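The values are calculated or read from the model by the stated rules, or taken from the named source; none is laboratory data. Computed from a prediction, not measured in an experiment: that's the story for all the values here. So basically every Cβ, Gly included, is an ideal-geometry build from the backbone, and we count neighbours across all protein chains shown.
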Amino acid sequence: MARFKLSLEYAGTRYRGWQIQKNARTVQGAIAEAVKTVCGRDDFELYGSGRTDAGVHALLQVAHLDVATRLGPVPLRQALNDALPADINILRVEKADPRFHARHGAVGRSYLYQIARRRSAFAKPFVWWVKDALQVEPMRAAARLFEGMNDFRSFTDDSPEEKSTQVLVEGVEVAEDGDLVLVRIRGSHFVWKMVRRIVGVLVAVARGELREADVARFLREPSGTPAELTAPPSGLFLEYVRYEGDPKTPPPLRSVMNLGFRSS
């Protein structure tokens, strides 16, 4: 049995997230079915670097696959892609050290969120269209409050009694790209719904509904407000997963695709 590292992308609109669930279409489930078809066996193990929620996309998800096969990395990638639906694509397959673990070995993750300032005929599955005027500078100022080690219990449905809600956020960037406002959040790991609630709070700041002092309070003491402001999954992408030896400098912040949003 060999271990392979899979790098993949997917549009999450049709899926109930990454992790296999009974009676639900998931990304991990679709890949598992493709492995069964290609390798002709079901005694294999497939682990992702982390879960993505229903409707969330990935520009670069990483998984490892333990399977007995005579196929090398290139023909295995080609065969898996032939068996997969069009909204999941294996970018690379590499032979991996048996000690490599997609989740435990990850040292950093980055998420990208796309907010549209106008209606789009094409991009609805990949953006959150906010009709109100957005003030980006207050949004940037509030974003800096999330950086560093903070308690995100107000930003998750995870119970702090069962799972730590302390997260080290390495950086939060806010940029404009034509009619899009982009938010990138980098961290060691993330708790459930954390990124979408950060974005929702930042949009409330950009609308003038919240102030920096409110954001600081949400990080200092429990509040139900971030849950009420949770951004929809459509605009969220797992951007990349970083391992030891990978560059620490993130790629330039830009939109996922140009569907008429960018300035000419």
### Query
Can you tell which of VAL205, VAL169, VAL191 is more than 16 Å from the chain's Cα centre (by Cα) and β-branched (Val, Ile, Thr)?
VAL205
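Is one or more of the residues making up region 107-124 without any contact (Cβ under 8 Å) to a residue 60 or more places away in the chain and among the aliphatic types (A, V, I, L, M)? It would help to see each step written out before you state the result.
The initial filter retains those residues of region 107-124 that are without any contact (Cβ under 8 Å) to a residue 60 or more places away in the chain, namely 119, 121.
With among the aliphatic types (A, V, I, L, M) added as a condition, the list becomes 121.
Checked against the condition, which is being without any contact (Cβ under 8 Å) to a residue 60 or more places away in the chain and among the aliphatic types (A, V, I, L, M), region 107-124 yields at least one hit.
When residues of region 14-46 are filtered for being of a type in the set (A, V, I, L, M, F, W, C), more than 22 Å from the chain's Cα centre (by Cα) and in a loop (DSSP other than H, G, I, E, B), how many remain?
Taking region 14-46 first, the residues of a type in the set (A, V, I, L, M, F, W, C) are 18, 20, 24, 27, 30-32, 34-35, 38-39, 44, 46.
When the remaining residues are screened for being more than 22 Å from the chain's Cα centre (by Cα), the result is 34-35, 38-39, 44.
From what's left, in a loop (DSSP other than H, G, I, E, B): 44.
So the count comes out to 1.
Kindly provide the set of residues from region 1-50 that are of a type in the set (Lys, Arg), touching a Phe, Trp or Tyr at 6+ places or on another chain (Cβ under 7 Å) and closer than 30 Å to LYS124 by Cβ, ordered by number. Walk me through how you get there before you give the answer.
At the first step, the residues of region 1-50 found to be of a type in the set (Lys, Arg) are 3, 5, 14, 16, 22, 25, 36, 41.
The next check asks that each one be touching a Phe, Trp or Tyr at 6+ places or on another chain (Cβ under 7 Å); those that pass are 3, 5, 25.
Selection gives ARG25 alone.
Rundown of residues vs (1) out of contact with any strand residue (DSSP E or B) (no Cβ under 6 Å at 6 or more places or on another chain); (2) β-branched (Val, Ile, Thr); (3) assigned by TED's automatic domain parsing to the domain that holds LYS193; (4) within 23 Å of ILE185 (Cα to Cα), yes/no style:
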| site | (1), (2), (3), (4) |
| --- | --- |
| THR52 | no, yes, no, yes |
| GLY55 | yes, no, no, yes |
| LEU60 | no, no, no, yes |
| ASP66 | no, no, no, no |
| VAL74 | yes, yes, no, no |
| ARG77 | no, no, no, no |
| LEU80 | no, no, no, no |
| PRO85 | yes, no, no, no |
| ILE90 | no, yes, no, no |
### Message
Please verify whether ALA216 is in a helix (DSSP H, G or I) and more than 25 Å from ARG118 (Cα to Cα), treating the condition exactly as stated.
### Response
yes
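Restricting the search to region 102-143, which residues are assigned to a helix (DSSP H, G or I) and either under 21 Å from TYR240 (Cα atoms) or not basic (Lys, Arg) (or both)? Break it down into steps so the answer makes sense when it comes.
From region 102-143, those assigned to a helix (DSSP H, G or I) are 124-126, 136-143; that's our starting set.
Those that are assigned to a helix (DSSP H, G or I) and either under 21 Å from TYR240 (Cα atoms) or not basic (Lys, Arg) (or both): PRO125, PHE126, VAL136, GLU137, PRO138, MET139, ALA141, ALA142, ALA143.
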### Task
Please find, within region 146-183, the residue that is nearest to VAL130 (Cα to Cα) out of those that are touching a Ser or Thr at 6+ places or on another chain (Cβ under 6 Å) and in a strand (DSSP E or B).
LEU180
### Query
Any residue in region 195-215 that is touching a strand residue (DSSP E or B) at 6+ places or on another chain (Cβ under 6 Å) and free of Cβ contacts under 8 Å to residues at least 40 places away in the same chain?
no
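Taking region 1-13 as the search range and keeping residues that are of a type outside the set (Gly, Ala, Ser) and not in a helix (DSSP H, G or I), which one is surrounded by the fewest Cβ atoms within 10 Å (Cβ to Cβ)? Write out each step before concluding.
So the first thing to find is which residues in region 1-13 are of a type outside the set (Gly, Ala, Ser), and the list is 1, 3-6, 8-10, 13.
From what is left, the residues that are not in a helix (DSSP H, G or I) are 1, 3-6, 8-10.
Numbers: MET1: 11, ARG3: 18, PHE4: 23, LYS5: 19, LEU6: 25, LEU8: 23, GLU9: 16, TYR10: 25.
Out of the qualifying residues, it is MET1.
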### Message
Could you check region 151-164 and list, in sequence order, the residues that are touching a residue at least 60 places away in the same chain (Cβ under 8 Å), surrounded by fewer than 19 Cβ atoms within 10 Å (Cβ to Cβ) and in contact with a strand residue (DSSP E or B) (Cβ under 9 Å, 6 or more places away or on another chain)?
### Response
ASP151
### Message
Need pairs with beta-carbon distance below 6 Å; first residue within 15 Å of LEU76 (Cβ to Cβ) and within region 24-37, second in a helix (DSSP H, G or I) and at pLDDT 95 or above; sequence gap 6+ or separate chains.
### Response
ALA34/LEU80; ALA34/ALA83; THR37/ALA83
### Message
Let me confirm something: among VAL130, VAL93, VAL167, which residue is surrounded by 14 or more Cβ atoms within 10 Å (Cβ to Cβ), touching a Phe, Trp or Tyr at 6+ places or on another chain (Cβ under 6 Å) and over 23 Å from GLU9 (Cα atoms)?
### Response
VAL167
